[in-house]
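A short worksheet on the structure shown next.
The values are calculated or read from the model by the stated rules, or taken from the named source; none is laboratory data. None of the values given here were measured: they were computed from a predicted structure. Note: ideal-geometry Cβ built from the backbone for every residue, glycine included; neighbour counts use all protein chains shown. What goes into the accessible areas is simple: the full protein's heavy atoms, side chains included, and nothing from ligands, DNA or RNA. Shrake-Rupley method; radii C 1.70, N 1.55, O 1.52, S 1.80 Å.
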Amino acid sequence: MDALTLKKQLKTAAAAPVYLVLGTQSVMMAETRKAFLNLVPKEERVMNVGSYDLEEESLSTALDDAMSAPFFGKRRLVFLNKPAFLTTGGEKGKMKQNPELLKNYLTHPQLSTILVIMAPYEKLDGRKGIVKELKKEAVTVEVQPLNEQSARKNIQSQVSAAGFQFMQGALDELVKRTNADYSLMVANLKKLMILNYQDQEITVASVKKLVPQSLDSNVFDLVTTVLNHQQTQSLDLYRQLLDSEQQPLQINAVLVSQFRLLLQLKILSARGLSQGTLAKRLNVHPYRVKLGLQMVRKFSLTDLMNAYLGLIRCERALKTTSRSPELLFQLFMLQYSQQVRK
């Protein structure tokens with residue numbers, strides 16, 4: 001199950017004895033941890049919640065805690081953090097662990113304890129017997145990056161719960177400026193709430209004022225003007241990037257990367273691959289795939305290829321000549337526009 005499903009389930013159903021929380025999305029990992037903590041009353045947490053870093057602490061000690069009866073409460077909650085011994089090469093960690101101890105616990109778990117294994121990794125070593133046993137006996141919670149729709153829903157829920165509201169277009173602007181990255185959205189949401197504490201209304205203006213636009217996002221705007229042959233606007237955006245102290249080679253590298261992605265999307269989408277499949281195959285955030293697909297529908301493969309090759313030549317010139325980056329970009333735009341006329 002995913003983290004959002006888990007949070008709903010913990011509110012309505014009895015918790016399982018053992019959970020495996022697996023994934024690299026740190027914010028969702030923290031929210032999942034909080035959802036488990038909410039199962040234990042605050043006044044009982046000092047005595048009935050244990051947390052162990054298995055890169056530094058003994059698995060034996062942690063499981064002894066898990067086997068203990070709750071102290072003046074209904075249940076104990078024990079977190080096993082960073083179980084590197086479950087991953088490939090994990091035996092090389094600072095603390096040597098005995099996997100048989102966990103295997104024995106899984107066979108006879110303490111029913112008054114909720115044991116939560118927090119594994120901040122992309123995957124575990126499926127060849128290991130303990131991993132196979134864990135996936136059989138524990139409830140696995142996948143903590144992966146949220147897609148745009150889930151990120152929007154989660155952020156909207158947090159804003160409403162805090163008594164705030166997004167004014168028209170504000171959430172769209174936040175999504176755009178963070179590339180729908182849930183971790184970035186959460187980090188910036190706290191600042192937006194502080195800024196708009198008095199009226200509790202988050203506006204487009206406040207988002208633009210407080211949330212910096214990423215280089216990828218700025219370059220995406222530049223890609224749009226390039227493809228539309230808007231030379232004046234393209235040059236203005238390029239100058240803005242230079243003025244913000246972005247390095248010319250870095251700007252060009254991101255442009256090349258963006259056009260490479262557009263070419264891949266153009267070719268693969270023609271084969272009937274879905275947005276989700278494209279995101280997984282290209283290892284790209286679904287939001288970038290969504291924006292890219294919207295763009296490539298308007299342009300031919302030849303247009304995209306000409307722009308891509310022109311930027312490759314521009315990169316070579318940046319590395320081998322003393323011409324100004326602004327002039328080289330301007331020449332790229334002129335050549336690209338001439339190719340389209342032909």
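Worth pointing out:
- Count - residues of segment 316-327 that are in a helix (DSSP H, G or I) and either without any contact (Cβ under 8 Å) to a residue 40 or more places away in the chain or surrounded by 18 or more Cβ atoms within 10 Å (Cβ to Cβ) (or both): 6
- Answer from LEU63, LEU101 - the residue that is open to solvent by 40 Å² or more (accessible area, probe 1.4 Å), outside any loop (DSSP other than H, G, I, E, B) and not charged (D, E, K, R): LEU101
- Filter result (under 21 Å from MET29 (Cα atoms) and open to solvent by 50 Å² or more (accessible area, probe 1.4 Å)) within segment 162-190: ASP181, LEU184, ALA187, LYS190
- Any hit, segment 253-266, residues being open to solvent by less than 70 Å² (accessible area, probe 1.4 Å), in contact (Cβ under 8 Å) with a residue 60 or more places away in the chain and over 27 Å from the mean Cα position of the chain (by Cα): no
- Any chance GLU44 is crowded, with 16+ Cβ neighbours inside 10 Å, under 24 Å from the mean Cα position of the chain (by Cα) and of a type in the set (Asp, Glu): no
Conditions tested, residue by residue: (1) open to solvent by less than 10 Å² (accessible area, probe 1.4 Å); (2) in a loop (DSSP other than H, G, I, E, B); (3) among the polar types (S, T, N, Q); (4) on the phi > 0 side of the Ramachandran plot.
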{"position": "LEU115", "(1), (2), (3), (4)": "yes, no, no, no"}
{"position": "LYS123", "(1), (2), (3), (4)": "no, yes, no, no"}
{"position": "ARG127", "(1), (2), (3), (4)": "no, yes, no, no"}
{"position": "ILE130", "(1), (2), (3), (4)": "no, no, no, no"}
{"position": "PRO145", "(1), (2), (3), (4)": "no, yes, no, no"}
{"position": "ARG152", "(1), (2), (3), (4)": "no, no, no, no"}
